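Peer 1: Following this message is one structure expressed as structure tokens.
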Amino acid sequence: MHTFIFRTITDQMFILTGSAGVTNLPEFVSVVKVDELEMVYCDSKRAEPKQDWLKFFKENNREHVSAYTAECNKNRIFFRKTINVLIKCCNIHIFQRMSGCEWDDATGTVNTFDQYHYDENFIAFDLETETLTTPTPWARNAKHELDSNKIIIPNIKSYLTQECLVWLKKYLDYGKSFLLRTVLPSVSLLQKRCSPVSCHATGFYPYKVDMFWRKDGEELHEDVGKGEILPNNDGTFQMSVDLKLSSVKPEDWSRYDCVFQLSGVKEDVVTKLDKAVIRTNDYFILASPDLTTTPIIVAMLVLTVCLILGTVFITLQTVNGERGKVHSVCISRFQ
């Protein structure tokens, strides 16, 4: 299943702090995404490809690029007028449109969506009834203003029923070596001091994955935390899932493992919970889960450092007759 998202965003969407009129920010931004990968970016009358292979697509599909540029400019004008109206009637400062289609290439099923978000409310387009709807009473004024624009409904219907799927199939056909590839991740166990163990997968594609901890082959739902799927700079993705070690008995470590499942790949990537492979940049994090021995080992390390420092300080301070102060410093580290 592949998704194609055409997203139009006013400049206020960049102002997450709620301030308006910030300089050096575009008035309007339009982004095209395919399977969560940014394809085209537009913040003026010109569209720019974000993937290297799209530069060749642009050269061979001038009409398509011109159509998108025109669509970008049309939405920019529409958003400017809409924001000016909504600010006056509804005191709205953040306005976003997200529309697109989802195509299942196995069944041929196509799902479409078109939503307008502002502040915490939203308005959606119902393709069956060809009307704008909202479950939020506070959005009715904004809906009325959108309904008054007689061009918007036909344009939405045309895009959802015709243009969206055509664009998606063109992207998939031209960039299939990139968009339809499958890349397995590199999986590592990471830990910081006083933190859960994080099973981190990076470099995978596509983004449709599942990742979880399990015990004795059963997925865990407690004492675990699943992170978001985030993009990497190279067109791949990363994700982490945490496990609280406080819930794991030392003798039970071998019963736990981290499972990564990638869409389209039958075999899972399984990583055993093993103290020997946990990576950390903290010298005082020991892989051993034995909490009774860890303080002793740490104390021995501190004592060794303290004795070395003490020898140096004693040598220097004997000259000044202040030898006693060094011993008190070492003792204070254990008090």
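Peer 1: Within region 114-137, how many residues are surrounded by 11 or more Cβ atoms within 10 Å (Cβ to Cβ) and without any contact (Cβ under 8 Å) to a residue 24 or more places away in the chain?
Peer 2: So the count comes out to 11.
Peer 1: Can Gly227 be described as modelled with pLDDT under 95 and not aliphatic (A, V, I, L, M)?
Peer 2: On the way: modelled with pLDDT under 95: no; not aliphatic (A, V, I, L, M): yes.
Criteria not met by Gly227.
Peer 1: Can you find, within region 217-233, the residue that is nearest to Thr202 (Cα to Cα) among those that are of a type in the set (D, E, K, R) and either touching a Phe, Trp or Tyr at 6+ places or on another chain (Cβ under 9 Å) or free of Cβ contacts under 8 Å to residues at least 24 places away in the same chain (or both)?
Peer 2: Let us first name the residues in region 217-233 that are of a type in the set (D, E, K, R), namely 218-219, 222-223, 226, 228.
When the remaining residues are screened for being either touching a Phe, Trp or Tyr at 6+ places or on another chain (Cβ under 9 Å) or free of Cβ contacts under 8 Å to residues at least 24 places away in the same chain (or both), the result is 218-219, 223, 226, 228.
Working: Glu218: 24, Glu219: 21, Asp223: 23, Lys226: 14, Glu228: 12 Å.
Checking each candidate, the answer is Glu228.
For (1) surrounded by 13 or more Cβ atoms within 10 Å (Cβ to Cβ); (2) touching a Gly at 6+ places or on another chain (Cβ under 9 Å); (3) at pLDDT 75 or above, each residue gets a yes or a no:
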{"site": "His2", "(1), (2), (3)": "yes, no, no"}
{"site": "Met13", "(1), (2), (3)": "yes, no, no"}
{"site": "Glu36", "(1), (2), (3)": "yes, no, yes"}
{"site": "Glu59", "(1), (2), (3)": "no, no, yes"}
{"site": "Ile94", "(1), (2), (3)": "yes, yes, no"}
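Peer 1: Among the residues in region 257-264, are any touching a strand residue (DSSP E or B) at 6+ places or on another chain (Cβ under 6 Å), farther than 11 Å from Gln191 by Cα, among the polar types (S, T, N, Q) and modelled with pLDDT of 90 or more?
Peer 2: Scanning region 257-264, I find at least one residue that is touching a strand residue (DSSP E or B) at 6+ places or on another chain (Cβ under 6 Å), farther than 11 Å from Gln191 by Cα, among the polar types (S, T, N, Q) and modelled with pLDDT of 90 or more, so the answer is yes.
The values are calculated or read from the model by the stated rules, or taken from the named source; none is laboratory data. Predicted, not measured: the structure shown is a model, and the values here were computed from it. As a convention, Cβ positions derive from the backbone with ideal geometry for all residues, glycine included, and neighbour counts pool all protein chains shown.
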